[in-house]
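The values are calculated or read from the model by the stated rules, or taken from the named source; none is laboratory data. Because the structure is predicted, anything quoted here is derived from the model rather than measured. Cβ placement follows ideal geometry from the backbone for every residue including glycine, while neighbour counts extend to all protein chains displayed. For accessibility, only protein heavy atoms count, side chains too; no ligands or nucleic acids. Shrake-Rupley method; radii C 1.70, N 1.55, O 1.52, S 1.80 Å.
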Amino acid sequence: MTDSESWKERRNQVARYRAMEQETTDPLAARLLHDIVLDLEAELADLPPQNVSLDAA
């Protein structure tokens with residue numbers, strides 16, 4: 001997997017977990033999902049930036 005594909009996949013994971021966090025009604029699940037989102041965002045920040053169009057998101 002190229003760096004660009006890895007960055008795109010991580011960005012997609014963040015979006016999916018954010019959606020799950022918003023949809024859940026269980027406070028514990030929401031907190032755990034929030035922690036996952038924070039971890040994924042931190043990993044995304046560590047990946048080299050990519051020239052990806054925001055229109056593709």
Residue in the stretch 18-50 that is farthest from S6 (Cα to Cα), counting only those that are of a type in the set (A, V, I, L, M, F, W, C) and touching a Ser or Thr at 6+ places or on another chain (Cβ under 7 Å): A30
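Can you name every residue in the stretch 2-32 that is over 15 Å from L44 (Cα atoms) and either at pLDDT below 90 or open to solvent by 50 Å² or more (accessible area, probe 1.4 Å) (or both)? Break it down into steps so the answer makes sense when it comes.
Initially, the stretch 2-32 is screened for residues over 15 Å from L44 (Cα atoms), giving 19-32.
Scanning the stretch 2-32 gives M20, Q22, E23, T25, D26, P27, L28, R31, L32.
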